Amino acid sequence: MRLRKKAWAEPLIKKHTGDIIVSNEASSIKKLEDDFLRNNENILEIGTGKGDFITGLALKNPNINYLGIELSETILAVVLKKTIELDLKNIRLINMNAKDLGEMLNPNLFDKIHLNFSDPWPKNRHESRRLTSKNFLESYKKLLKTGGKLILKTDNAGLFDFSLTSLKENNWTLETVNYDYPLTNNNQDVETEYENRFRNLGQKIHYLIASYKEVKEDE
Ligand SMILES: C[S@@+](CC[C@H](N)C(=O)[O-])C[C@H]1O[C@@H](n2cnc3c(N)ncnc32)[C@H](O)[C@@H]1O
């Protein structure tokens, strides 16, 4: 997703760094972990785009806390704007590349990780950038609580097949695999911006839920 730089974006992000926006400073991360992620249920979305999904879920589930990660500052500022307008207290946002998240945060924080319409990176040489490639899956194993789930929605058959293979190769359990996932707007799901676009084009949406269980030596 590309968005032209918006003059208001940087000042708005600066203004909310420390409350809604989490910076990469140790004190900011500690506050996120010790205060915000102490909640019973925490959900992470990687690649929020303009935030219809995360803000929609946060609105429906005020008792669940949501952390959104987005690479683009301008796009994240759009999510921030929606969070402020909707007066959502249960969202925190970080402007970063998710590849560094596993090292930045402590383990066992999230009940679910959502990947919605992630960039497919179709060229072989870009495989490691796909959000379901080995290194990303390793960091999700760490970040998820025991029994936590990775949930992926995409229109892209190539990325979906790659994700199924990568998950199996890395010993995840596939709990749900659906090649024609219907439009679902319940407490657990919200149509994303990209999903809306692809559904309107008549494209099938693929969906999976996977979990990882550590296999102990003596099991
Ligand atoms: C194709 S868009 C989908 C946006 C939204 N999830 C949706 O379904 O409408 C992918 C988004 O993921 C972000 N993104 C891509 N790679 C990322 C990464 N490694 N870390 C964080 N965000 C990333 C992009 O900036 C973009 O906003």
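The values are calculated or read from the model by the stated rules, or taken from the named source; none is laboratory data. Treat the numbers as computed from the prediction; the structure is a model and nothing was measured. Every residue, glycine among them, receives a Cβ derived from its backbone with ideal geometry; neighbour counts consider all protein chains shown.
Before moving on, here are some points about what is shown:
- Residues in the stretch 144-200 that are assigned to a strand (DSSP E or B), among the polar types (S, T, N, Q) and surrounded by 18 or more Cβ atoms within 10 Å (Cβ to Cβ): Thr154 only.
- The requirement of being surrounded by 20 or more Cβ atoms within 10 Å (Cβ to Cβ), touching a residue at least 60 places away in the same chain (Cβ under 8 Å) and small (Gly, Ala, Ser) is satisfied by Ser118.
- For Tyr181, the stated conditions do not hold, so it cannot be described as among the aromatic types (Phe, Trp, Tyr) and within 17 Å of Gly148 (Cα to Cα).
- Matching residues, the stretch 138-190, being on the phi > 0 side of the Ramachandran plot and under 19 Å from the mean Cα position of the chain (by Cα): Gly147
- Among the criteria (1) surrounded by fewer than 20 Cβ atoms within 10 Å (Cβ to Cβ); (2) within 15 Å of the ligand (Cβ to nearest atom); (3) within 25 Å of Leu183 (Cβ to Cβ), the one Leu86 does not fulfil is (2).
- The condition of being under 12 Å from the mean Cα position of the chain (by Cα) and more than 9 Å from the ligand (Cβ to nearest atom) holds for only one of Phe110, Phe53, that being Phe110.
- In the stretch 17-44, the residues that are at negative phi and among the polar types (S, T, N, Q) form Cβ pairs under 6 Å with partners that are modelled with pLDDT of 95 or more and in a loop (DSSP other than H, G, I, E, B), at six or more places apart or across chains, as follows: Thr17/Ser23; Ser28/Val22; Asn42/Leu109.
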